[in-house]
Amino acid sequence: MIRNAVAILSLALLVGCARLSTSSLSQETKFTPETGKAIVVLGFGCETLEGHECELVGRNLINGKMNLREGENFRVGDWKTNGLILFRDFQTVSIFKRAAFAVAPGEYAITEVSNQFDRRTYLTKIFKDDNYYIKFKAEAGKINYIGDFYVNALQLPAKLVKYRVDTTVTRDYMKQFPGVQGDLLVQELNVSVPALEGVIPKVQ
C-alpha cells in the first residue's frame, strides 16, 4: 500500500513537472548576448467573461513540428474578477498582460488560445496539422519583441481581432529587468491573414 502511494505521488510529481512552462523574467534574471539563450517579449489582450482565465500559448517548433516539452514553451495570460461572482450574471472584462521569457533559440509559433472556467478548458488551436499560422524565430542573444495580440474569447473558436507593435512601451517594460542586457529586435509578424481561419475549437 505504501509502495503504491509512493508510486502514485512520484507519477503526480512527474506529470506536474512536465506541465511547467518556461518561467517569465524576474528582476533577478541575468541575460547577456553571450548566454546562448533568447528573450521573447509579447503582449496579450483578451476579451472574456469575469472569472475566466485567458491565455495565449507559444510553442517551440523542431523541424517544423511542435515540441511538446513544456520547458521550451511559454504562456501569457491572467484571471480577471472583481470579487464574488457566484449567483450573478457574468460581466465582460478585458485582460491585458505584457510578459518576457528566456527561451532556447529557434523557431516558435503562437499555437492556441486557452479560456478556462470552472475546471473546463476551452481551447482554440491556431494551427492545423503542421501548418502554423503565426510563426517567428527567437534569435540567440536578442530581446525578440513579437508584438501585441488581442483576442476575443467571448466566442468559440476565439478570434484574433487586432495585432500591433508598440516599441516604445516595450522598451519601457524591459527597464524593470536590470540584469537583462541586449539589443531589442522588433519582429512585426505576418498576421494580416485571419490567423484563426481553419482552426480547431476543442473543449477539454
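The values are calculated or read from the model by the stated rules, or taken from the named source; none is laboratory data. Remember, it's a predicted structure, so these values are computed and weren't measured experimentally. When we count neighbours, we look across all protein chains shown, and the Cβ atoms used for this are built from the backbone with ideal geometry, even at glycine. Heads up: the accessible areas ignore ligands, DNA and RNA and are worked out on the full protein's heavy atoms, side chains in. Shrake-Rupley method; radii C 1.70, N 1.55, O 1.52, S 1.80 Å.
Brief remarks follow.
- Taking the stretch 50-80 as the range and being surrounded by 16 or more Cβ atoms within 10 Å (Cβ to Cβ), at pLDDT 90 or above and either assigned to a loop (DSSP other than H, G, I, E, B) or among the acidic types (D, E) (or both) as the test, only E55 passes.
- Taking the criterion of being part of a strand (DSSP E or B) and either within 12 Å of G58 (Cβ to Cβ) or basic (K, R) (or both), the residues of the stretch 88-98 that qualify are K97, R98.
- Residue, surrounded by the fewest Cβ atoms within 10 Å (Cβ to Cβ), within the stretch 176-204, restricted to residues that are assigned to a strand (DSSP E or B) and at pLDDT below 70: V203
- Taken over the stretch 99-113, the criterion of being surrounded by fewer than 19 Cβ atoms within 10 Å (Cβ to Cβ) and part of a strand (DSSP E or B) is satisfied by A99, G106, E107.
- Single residue of the stretch 114-142 satisfying the filter (within 13 Å of the chain's Cα centre (by Cα) and in a loop (DSSP other than H, G, I, E, B)) that is surrounded by the most Cβ atoms within 10 Å (Cβ to Cβ): I126
- Pairs linking a residue in the stretch 89-101 that is closer than 16 Å to N152 by Cβ to a residue that is of a type in the set (S, T, N, Q) and open to solvent by 80 Å² or more (accessible area, probe 1.4 Å), with Cβ atoms under 8 Å and 6 or more positions apart or on different chains, are Q91/N82; V93/N82.
- Exactly one residue out of L160, L154 is open to solvent by 80 Å² or more (accessible area, probe 1.4 Å) and among the aliphatic types (A, V, I, L, M), and it is L154.
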